[in-house]
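A.B. asks: First, the structure itself, so that you have it in front of you.
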Amino acid sequence: MLEKLAKQTAVYGISTIVVRFLSYLLTPYYTRVFGQETYGIVTDVYALIPLALTLLTMGMESSYFRFSAKAEEAGGDVKGAKRRLFATTWGVTSLAAAIFFVVMALFRDGIAGLMGEAYVAHPEYVVWVALIILFDVWGCIPFSRLREQGRAMTFVGLKALNVVLNVALAFAFGAAGLFRTEFGVGWVFVANLAASVVTWLAILTTTERTVPRINRALLAAVFAYSLPLLVGGLAGTANEFIDRQLIKYLVPEGAMAQLGVYGAITKIAVVMMLFYQMYRLAAEPFFLSNFKKSDFVAMNAAALKYYMMASMVIFLGIALFRDLFALIVGRDFREGIFILPVVLGANVLTGVWLNLSFWYKREERTSLAIVVTGSGLVAMTAFGFWLIPLWGYYGAAWARLASESAMVAVSWWLNRRYYPTPYPWGRIWEYVLTALAAFGLCEIVTRLADNMFVSYAFNIVLFGGYVLYLIRRERIDVGAMLRAVVKRG
């Protein structure tokens, strides 16, 4: 069973890495084209978009996976049941997105005023971003359908189309000098919108001529499952953007510049987030399928251990050589590279509580998502109001880590009380503490040696030693694993 998850993760992973790599070409480009304050607008907007997407999709992605599995379990006209489910979830999210766009367009001036001085001169930014959200939501459920059907390559191909168009248009606009016009950073949103529209038109070809149509009885059942996920998802997404908003409103001077630096540095943690994303894309439909409880418990426990092993390797690989990764962003943004280990640690914990959330989604106790993400939001707000006025974006990084830690702790407690799963915590803690000890030792040697070549040589040796330690500790047959991957590929 875990081989299937590993294979799906690899398929999503390799292709997602390629797609996201193209997307992240925009980070070194934009941080060289725009100054700190202007890039702060990009950071701000792209932190708010996921909140709108979460609100408008209403937890329907997880609902689609769960109710598709229930349709298969019920038998009968499975294809017809899935078609009605697809039409209903697609219809309600599409309607919500259309209403959202109309409201944003009508009240763009007021909304621009609420977003800050940087937007007052260009309320049209609000309309362009609302259009991006509209087409992204319209394509969300069709993309979920591809994942449910196991059509990973089609899914990734369409995502790649979106990214390639976005990147190509951004570079073309820059070459044409459009970023230096009065509309300025607005051309970033135009490029994104064009890519979203083309992608939406392309994904319509996969819907088998299904028309969005809401079945009220089915929608009531789906909403009962998805509403707690919506509330929990909003709190969880708020955790992803509120640190940016707190920087904008709590930093006394140069807030947008600090926001720009913070956004650029968090982008450097791309590898960790790529791994999390590819794992989530494969694991969510996998674990919400119809497994026996004993199989689910065993697989979920093992999956968390291997996730942590891979995550700590990525953590060390980036944190130990962060000065090299700093070259990804423009010179003006590298001053914030010291916060990268904290950001990476928070990203690792995101995957931990994702693993700990599968059981209550499977058992349809989705109201617990509110408890988990709500605890994270409380921690983010409390630590943010405390640390950001003192430390600026460094305080935001620690507030993010505190938020993710709170969600992991609450998820662990809920799992232990309601759905005991034999996670190998002893082995997991062993791997985490060993990685942190290696990181700390490398930091000490770097400070004492005061020589770049000596410190890098030591870091390489210790990093390689940690990887070998994991392989020997788990008795992993690397050769057999590579042969299996090549054979299946």
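The values are calculated or read from the model by the stated rules, or taken from the named source; none is laboratory data. All of these numbers come straight from a predicted model, not from anything done at the bench. Note that we place each Cβ from the backbone using ideal geometry, even for glycine, and neighbour counts take in every protein chain shown. For accessibility, only protein heavy atoms count, side chains too; no ligands or nucleic acids. Shrake-Rupley method; radii C 1.70, N 1.55, O 1.52, S 1.80 Å.
A.B. asks: List, in the order given, every pair from LYS292/LYS361; LYS70/LYS361; LYS70/LYS292; LYS159/LYS267; LYS79/LYS293; LYS82/LYS361 whose Cα-Cα distance in the structure shown is over 22 Å.
C.D. replies: Working: LYS292/LYS361 15 Å; LYS70/LYS361 13 Å; LYS70/LYS292 14 Å; LYS159/LYS267 19 Å; LYS79/LYS293 26 Å; LYS82/LYS361 19 Å.
Check vs 22 Å cut-off fails for LYS79/LYS293.
A.B. asks: Find the relative contact order for the chain and round it to a whole percent, using C-alpha pairs within less than 8 Å whose residues are 6+ positions apart. Display every interim value, and only then the final one.
C.D. replies: Details: 622 pairs, mean separation 105.4, N = 489.
About 22 percent, as a whole number.
A.B. asks: Moving on. Please list log₁₀ I(q)/I(0) at q = 0.17, 0.21, 0.23 Å⁻¹ for segment 61-177, using the Debye equation with identical point scatterers on the alpha-carbon positions.
C.D. replies: -0.96, -1.13, -1.20
A.B. asks: With each pseudo-label sitting 7 Å past Cα toward Cβ, what's the LEU448-LEU436 distance in nm, one decimal?
C.D. replies: Taking the two extended label points, one gets 2.1 nm.
A.B. asks: Still on this model: Pull out the extension gain between ARG216 and ILE471, defined as 0.36 nm times the separation in residues minus the alpha carbon to alpha carbon distance; nm, one decimal.
C.D. replies: Stretched fully, the ARG216-ILE471 segment lengthens by 86.5 nm.
A.B. asks: When all C-alpha to C-alpha distances in segment 303-401 are sorted into bins of 5 Å, what percent of pairs does each bin hold, rounded to whole numbers?
C.D. replies: 2, 12, 16, 17, 18, 16, 10, 5, 2, 0
A.B. asks: What does the convex hull of the Cα atoms come to per residue for the chain, in Å³?
C.D. replies: Numbers: hull volume 75.8 nm³, N = 489.
Convex hull of Cα atoms, per residue: 155 Å³.
A.B. asks: Quote the FRET efficiency, to the nearest 0.05, computed for GLU363 versus ALA302 with a Förster distance R0 of 25 Å and r equal to the Cβ-Cβ distance. Display every interim value, and only then the final one.
C.D. replies: Values: r = 19 Å, r/R0 = 0.78.
So the FRET efficiency works out to roughly 0.80.
A.B. asks: Report the semi-axes of the equivalent ellipsoid for segment 67-116 in whole Å, largest first, where each axis is √(5λ) for an eigenvalue λ of the Cα gyration tensor. Provide the component values of the computation, followed by the final result.
C.D. replies: Values: eigenvalues 315, 20, 3 Å².
Sorted largest first and rounded, they come to 40, 10, 4 Å.
A.B. asks: Using 7 Å Cα-to-Cβ label points, what is the ALA172/VAL378 separation (nm, one decimal)?
C.D. replies: 5.1
A.B. asks: Any chance you could run the full-extension gain for GLU72 through PHE385? It's 0.36 nm times the residue separation minus the Cα-Cα distance, nm to one decimal.
C.D. replies: 107.9 nm
A.B. asks: Rounded to the nearest whole Å², what accessible area per residue is found for the chain with the 1.4 Å probe? Present the calculation step by step, with values, prior to reporting the outcome.
C.D. replies: Values: 21610 Å² over 489 residues.
I get 44 Å² per residue for the chain.
A.B. asks: What is the calculated FRET efficiency for LEU106 to GLU182, with r their C-beta to C-beta distance and R₀ = 22 Å, to the nearest 0.05? Write out the running numbers ahead of the final one.
C.D. replies: Numbers: r = 24 Å, r/R0 = 1.09.
Result of the calculation: an efficiency of 0.35.
A.B. asks: Can you give the charge dipole size of the chain about its Cα centre, rounded to the nearest 20 debye, using +1 on the beta carbon of Lys and Arg and -1 on the beta carbon of Asp and Glu? Display every interim value, and only then the final one.
C.D. replies: Working: 43 positive and 30 negative charges, 360 e Å.
Roughly 1720 debye for the chain.
A.B. asks: How large is the Kirkwood hydrodynamic radius of segment 156-294, in angstrom, based on all distinct alpha carbon pairs?
C.D. replies: Working: mean 1/r = 0.0515 Å⁻¹.
By the Kirkwood definition, the hydrodynamic radius is 19.4 Å.
A.B. asks: May I ask you to compute the full-extension gain from VAL198 to GLU37, defined as 0.36 nm times their residue separation minus their alpha-carbon distance, rounded to one decimal in nm? Mind showing how you got there, number by number?
C.D. replies: Numbers: separation 161, 0.36 × 161 = 57.96 nm, distance 3.04 nm.
Stretched fully, the VAL198-GLU37 segment lengthens by 54.9 nm.
A.B. asks: Mind running the shape call on segment 358-489? Use the C-alpha gyration tensor, a ≥ b ≥ c as the square roots of the eigenvalues: rounded below 1.5 for a/c, prolate if a/b tops b/c, oblate otherwise. Don't skip to the end; give the middle numbers.
C.D. replies: Working: a/c = 2.54, a/b = 1.16, b/c = 2.19.
Taking the square roots of the gyration eigenvalues as a ≥ b ≥ c, segment 358-489 is oblate.
A.B. asks: Can you give the accessible area of SER411, probe radius 1.4 Å, in Å² rounded to 10?
C.D. replies: Approximately 0 Å² of SER411 is accessible to the 1.4 Å probe.
A.B. asks: How much net charge surrounds TYR249 when only other residues with a Cβ under 13 Å from its Cβ are counted (Lys, Arg +1; Asp, Glu -1)?
C.D. replies: Value of the local net charge: -2.
A.B. asks: Counting only protein heavy atoms and using a 1.4 Å probe, what share of the accessible area of the chain belongs to carbon plus sulfur, as a whole percent?
C.D. replies: Numbers: 14280 of 21610 Å².
On the chain, the fraction of accessible area on carbon and sulfur atoms equals 66 percent.
A.B. asks: Follow-up. Nearest 0.05, what FRET efficiency do ARG427 and PHE338 give at R0 = 25 Å with Cβ-Cβ as r? If you can, show how the numbers build up before the last one.
C.D. replies: Working: r = 31 Å, r/R0 = 1.24.
E between ARG427 and PHE338, to the nearest 0.05, is 0.20.
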